[in-house]
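Okay, so here's the structure we're looking at.
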Amino acid sequence: MRFSQSFIRTSKEEPADAEIISHKLLMRAGLVRKLASGIYIIMPLANLVIKKIENIIRSEMNAACAQEVIMPCILPANLWKETGRWEVYGSEMLKIKDRAEREYCFGPTHEEVITDLVRHEVRSYKQLPVTLYQIQTKFRDEIRPRFGLMRAREFTMKDAYSFDISAEGLDINYKKMHAAYCNIFKRCGVKYTVVDADTGAIGGSSSHEFMVIAPSGEDAIVYCDSCRYSANVEKASTQIDKIIGPEIPAGSSAAASRPKVEKIHTPNASTIEDLAKFLKVDKKSLCKILFFTNGRAENDGREDVVALISGAFELNEIKLKNHLKFINLEMIPSEEVQKRVGAYPGFGGPIGINPNVKIIADNSVKHLSDFVVGANEKDYHLKNVNLSDFSVTSFADLVMVDAGHPCPQCGAKLEKARGIEVGHIFKLGTKYSEALGAKYIDEAGQENPIIMGCYGIGVGRTMQAAVEQNNDQDGICWPMPIAPFHVILVLLNSSDETQKQCAEDLYKKMLAENIEVLFDDRAEKPGFKFKDADLLGIPIRVAVGRYAAEGKVEFKRRNSKDLKVIGVDEVVSLVKSEISREINGL
Ligand code: ATP
Ligand code: MG
């Protein structure tokens, strides 16, 4: 393509609302344009990148025996009501009505639709296993759309769904998809890691996320260099006893020899830090209390709960939300805690609170004896408290794992990093097939629910993650396999006939060799063109300048400072070999 005829518009200006480098670069390089909050136009250069990513995805999905379909993006409400997700999905789902007042949503994901399709098409075990996928537009009314295509409201996702007759079959398909995803991200040229993940609103038994490691990533992950354990902090666990000592055997706290619960005056010690300092004890011997609710109105199923955890840890709200199976989890406003829970914020404890409020305790509380809790009275705490002094509704792992905590598998210290979730695979099991009655008849003539898996990749997010990971102070440095063009051919002086002729010849030759080349034939200054070439991040730059008279051109890689002057007749074969090494040799 000739730059002079293209719709590419670059800019020096830093866009005002872009916080992270990839968003800034997407805007400055003219790759996307914002239409509304979280809604973007994909411009021609970005479209070339997106199509390459989609084709890599397609080839790996097809190789894994998945078949491509296209489902609608406007989805009837009744299917979502059948699975209960019309309510559960919450306000991320954009609900709409047609002229006859029938309800629909703009699909945020397609489990319901694909399961509906399969329940109508599949009867017998002979038709299974099958895996279907699509690459299609989703809409999620994200509470905080930001970072451009990273967290958009309208975005393109590849979503695949597998259907099996057994758990073993699902295992096989899950492994196939896991391998296909590794190939996809490797072929896209991004550095990624796979982590154990939470299943969120989609549901199911186990899942993995594919993370592009980048400091701006919205997800925190922990990993172990010794045994390769890695997990999203939403899901990660640790070895509590290594931090706060062994679990206290149940019943032992009731022993007569235990000291009695005693009220102590702790003026102004309303935080764990202040209290530990005041009592001159380690934080781990204190028990924190936090007040949560499902956020519903008092007369509409409101549930208030308290969560307990050793002062050594922070509480992981996602784990608590999953444990409670709440659609929504929020803190009770502190001014309402006393009235709703019967506890005094800052000096709260589980003893004597409103009996309708569930007490959920982190497993770390089982490791505490003779600990300190709030007395539910200003400036007072209780000491020598044990689990036998109040009744816990349920125990769960609620710990927010952090760097330095012991690895749950091998005990080595965990490291922490940030990642961008570009892909997510789930073992769904029978959650959707049971809700929608998607069954098959087995060899013995029995009806069984179909066993499902689902597998998603954010296409636009993958493109932007590649930019987040591959850039420098001058602009983007596209990995070769997804670069919009492989080569930018820069004519330095368009009024010099020799240079012009040489560049025109080279352009034709490259096109004839099927090299994806952007020809900067504009009548602009060399410095201006080089700046654009760097900003756009095309992996190879061939410049035709003063050496043209000697039959030579300048060859430079975007991610290197080296500049080679080489013969015009050599440059095409050099370009071809670099491209094929980086695309096929990856
Ligand atoms: P997140 O936790 O980032 O909201 P998610 O767990 O909701 O993601 P999934 O439902 O697993 O996402 O969707 C599959 C993939 O779709 C994600 O791995 C991600 O790459 C992409 N994706 C999800 N939400 C968005 C969004 N708002 N903008 C762009 N891509 C998205
Ligand atoms: Mg989400």
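The values are calculated or read from the model by the stated rules, or taken from the named source; none is laboratory data. Since the structure is predicted, the reported quantities are computational estimates derived from the model, not experimental observations. We place every Cβ from the backbone using ideal geometry, glycine too, and count neighbours over all the protein chains shown. Just so you know, the surface numbers come from the protein's heavy atoms only, side chains and all, with ligands and any DNA or RNA stripped out. Shrake-Rupley method; radii C 1.70, N 1.55, O 1.52, S 1.80 Å.
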- Could you give the length gained on full extension between residue 562 and residue 62, defined as 0.36 nm per residue of separation minus the Cα-Cα distance, in nm? 176.0 nm
- Note on the structure: Scalar couplings 3J(HN,Hα) for the range 121-131 by Karplus 6.51 cos²θ - 1.76 cosθ + 1.60 (θ = phi - 60°), nearest whole Hz, x for Gly and Pro, are 9, 9, 10, 10, 4, 5, 8, 10, x, 8, 10
- Task: Mind jotting down the distance between the C-alpha centroids of the range 1-20 and the range 102-139, whole Å?
- Result: 39 Å
- Name the residues of the range 475-494 whose amide N is less than 11 Å from a point 7 angstrom out from the Cα of residue 523 along the C-beta direction? 494
- Task: Using a 1.4 angstrom probe on heavy atoms only, work out the carbon and sulfur share of the accessible area of the range 445-523 in %.
- Result: 43 percent
- Given charges at beta-carbon only (K, R positive; D, E negative), |dipole| of the range 405-547 in Debye: 400 debye
- Message: To test your reading of the geometry: what angle, between 0 and 90 degrees and rounded to tens, separates the Cα axis of helix 568-584 from the longest principal axis of the chain?
- Response: 20 degrees
- FRET efficiency estimate (nearest 0.05) - Cβ-Cβ, residue 299 to residue 412, R0 60 angstrom: 0.70
- Task: Give a quick list of GluC sites (Glu not before Pro) in the range 498-586 that DSSP marks as loop, anything other than H, G, I, E or B, with at most 13 other Cβ atoms within 10 Å.
- Result: 513
- Set the Förster distance to 30 Å, then compute FRET efficiency between residue 6 and residue 54 from the Cβ-Cβ distance, nearest 0.05. 0.90
- Note on the structure: Unpartnered Cys in the chain, judged by a 4.7 Å Cβ-Cβ cut-off, are 65, 73, 105, 182, 188, 287, 454, 477, 502
- Note on the structure: Filtering trypsin sites (Lys or Arg not before Pro) in the range 484-586 by DSSP loop and by at most 14 other Cβ atoms within 10 Å leaves 561
- Mind jotting down the distance between the C-alpha centroids of the range 148-210 and the range 365-385, whole Å? 44 Å
- Message: Just to be sure I understand: of the beta bridges DSSP finds with both ends in the chain, what percent are antiparallel, rounded to 5?
- Response: 80 percent
- Beta bridges per DSSP with both ends in the range 489-586, % antiparallel, nearest 5: 65 percent
- Note on the structure: Computed ³J(HN,Hα) along the range 5-10: with the Karplus parameters 6.51/-1.76/1.60, θ = phi - 60°, integer Hz and x for glycine or proline, the list is 9, 8, 9, 7, 10, 9
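Within the range 223-309, report the GluC sites (Glu not before Pro) that DSSP leaves as loop and that have at most 16 other Cβ atoms within 10 Å. Please list the in-between numbers first.
Values: sites: 234, 247, 262, 273, 298, 303; in loops: 234, 247, 298, 303.
Loop-located and lightly packed - 247, 298, 303.
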- Task: Calculate the spin-label point distance for residue 143 paired with residue 81, positioning each point 7 Å from the Cα along the beta-carbon direction, and give it in nanometres.
- Result: 2.7 nm
- Task: Hey, can you find the accessible area per residue of the range 342-485 for me, probe 1.4 Å, expressed in square angstrom?
- Result: 35 Å²
- Item | Computed [θ] at 222 nm, deg cm²/dmol, the chain (DSSP H ≥ 4; -39,500 (n - 2.57); rounded to nearest 500) | -8500 deg cm²/dmol
- Task: Would you calculate the separation in nanometres between label points at residue 356 and residue 402, each defined as 7 Å from the Cα along the Cα-to-beta-carbon direction?
- Result: 3.6 nm
- Give me the distance in nm between label points sitting 7 Å out from Cα along the Cα-to-Cβ direction at residue 584 and residue 569, one decimal. 2.5 nm
